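Student: Below you will find the structure I want to go over with you.
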Amino acid sequence: MLLLLLLTNAFVLLPWAGAGRIIGGREAVAHSRPYMAFLKIKNATKTSRCGGFLIRSDAVLSAAHCVDEIGTIVSFTVTLGAHNVSRKEPSQQKIHVEKCVIHPQYSREGFINDILLLKLKKKAEINEYVRNISFAKENEHVRAGELCTVSGWGRTSLDPPPSDVLMEVELKVQKEKICQQVFSKYKRQSMICVGDENRKKTTYRGDSGGPLVCNKKAYGIVSHGIKHRLFPKAFTRISHFEPWIREELKRLSLQDIPGSPSCV
Ligand SMILES: *[C@@H]1O[C@H](CO)[C@@H](O)[C@H](O)[C@H]1NC(C)=O
Ligand SMILES: *[C@@H]1O[C@H](CO)[C@@H](O)[C@H](O)[C@H]1NC(C)=O
């Protein structure tokens, strides 16, 4: 009986990359988050979508799990300056991905090091609709209790379809303990525990890769949760990866030096 209980629990608590839809949020004021990127990733049979954010005029950060089960990618585009992604808005800039760097220690099991860096084929034009956001430095941390926002084009309820317009939600940074109790592979160094303890608001499928923004700076990346649970969620902690991001940005500016796993 006890074994059965443990097994059932183990099953229920499998981490799930469905952290991506915004539930209980609101429509964002159009173009109020000009760093938001809409990712469309196609293989031979399927198109999947994710969020991301512009950190340099030719570089976007997102989550590694957005590409890990895709296999061979036939097309990978990033749309910047969008509010409604089902329309062709004059503000939109759709740019192909030239290179994509998955963190070399990314692990699907537990979503460890769930971070992806994209180099765009050309620089985005920076204007009132498209702008990069700064991200947390190695020594910059968010504290439990702080309120931050997440935005994305993910689902707005437990069922499809995803949202056409950009949605946003305020979420609280939670004590590490709360995530340690739920995620067996939770790493306090490289993850941030986030969520609304009243379970009314959350991110969900399709929001993955989007930024957790606190005081106008990106501190986290939408990563994973537990299936059918709205609380808590584990996000990627950007400050931990800042040295890696800087290093890769430098490499991407130079010519292609092999070393890190690439997806296109
Ligand atoms: C295409 O991607 C989906 C995930 O979005 C995956 O399940 C499927 O196996 C992939 N197909 C091929 C041919 O790689
Ligand atoms: C945008 O990126 C440039 C480097 O390409 C950087 O100098 C600038 O500070 C960034 N802007 C923000 C808001 O981070």
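The values are calculated or read from the model by the stated rules, or taken from the named source; none is laboratory data. Computed from a prediction, not measured in an experiment: that's the story for all the values here. Here Cβ is always computed from backbone atoms with ideal geometry, including for glycine, and neighbour counts include all displayed protein chains.
Student: In segment 145-163, how many are under 13 Å from the mean Cα position of the chain (by Cα) and not in a loop (DSSP other than H, G, I, E, B)?
Tutor: 4
Student: When residue 58 is evaluated against the numbered criteria (1) over 16 Å from the mean Cα position of the chain (by Cα); (2) crowded, with 18+ Cβ neighbours inside 10 Å; (3) more than 14 Å from ligand 2 (Cβ to nearest atom); (4) charged (D, E, K, R), which criterion, by number, is the only one it fails?
Tutor: (3)
Student: Shifting gears a bit: Taking the options 122, 94, name whichever one is among the basic types (Lys, Arg) and surrounded by 13 or more Cβ atoms within 10 Å (Cβ to Cβ).
Tutor: Among 122, 94, only 94 is among the basic types (Lys, Arg) and surrounded by 13 or more Cβ atoms within 10 Å (Cβ to Cβ).
Student: Give segment 101-144 a look and list any residue that's assigned to a loop (DSSP other than H, G, I, E, B) and among the small types (Gly, Ala, Ser), or say none.
Tutor: 110, 124, 134, 136, 144
Student: Can you name the residue in segment 104-140 that is out of contact with any His (no Cβ under 7 Å at 6 or more places or on another chain) and polar (S, T, N, Q) and is also nearest to residue 208 (Cα to Cα) among such residues?
Tutor: Filtering segment 104-140 for residues that are out of contact with any His (no Cβ under 7 Å at 6 or more places or on another chain) and polar (S, T, N, Q), the one nearest to residue 208 (Cα to Cα) comes out as 107.
Student: Can you tell me which residue in segment 67-105 is nearest to residue 236 (Cα to Cα), limited to those that are without any contact (Cβ under 8 Å) to a residue 40 or more places away in the chain and within 16 Å of ligand 2 (Cβ to nearest atom)?
Tutor: Per the criteria, the residue is 95.
Student: Any idea how many residues of segment 161-190 are touching a Lys or Arg at 6+ places or on another chain (Cβ under 8 Å) and under 28 Å from residue 81 (Cα atoms)?
Tutor: Residues flagged as touching a Lys or Arg at 6+ places or on another chain (Cβ under 8 Å) and under 28 Å from residue 81 (Cα atoms) within segment 161-190 amount to 11.
Student: Could you grab me the full set of residues in segment 61-84 that are buried (at least 16 other Cβ atoms within 10 Å of the Cβ) and of a type in the set (Asp, Glu)?
Tutor: Within segment 61-84, just 68 meets the criteria.
Student: If you don't mind, another one. Within segment 164-225, considering only strands (runs of 3 or more DSSP E) that don't extend past its boundaries, which have at least 3 residues that are at pLDDT below 95?
Tutor: 167-173
Student: Would you pick out the residues in segment 220-233 that are under 18 Å from residue 65 (Cα atoms) and buried (at least 21 other Cβ atoms within 10 Å of the Cβ)?
Tutor: 220, 221, 222, 223, 224, 225, 233
Student: Moving to a separate point now. Those residues that are hydrophobic (A, V, I, L, M, F, W, C), more than 11 Å from the chain's Cα centre (by Cα) and surrounded by 18 or more Cβ atoms within 10 Å (Cβ to Cβ), I need them from segment 34-55; list them, please.
Tutor: 41, 54, 55
Student: For segment 139-155, give me the residue count where each residue is surrounded by fewer than 23 Cβ atoms within 10 Å (Cβ to Cβ) and at pLDDT below 90.
Tutor: The total comes to 1.
Student: Somewhere in segment 143-157, is a residue farther than 15 Å from residue 210 by Cβ and either basic (Lys, Arg) or within 16 Å of ligand 2 (Cβ to nearest atom) (or both)?
Tutor: Checked segment 143-157: at least one residue is farther than 15 Å from residue 210 by Cβ and either basic (Lys, Arg) or within 16 Å of ligand 2 (Cβ to nearest atom) (or both).
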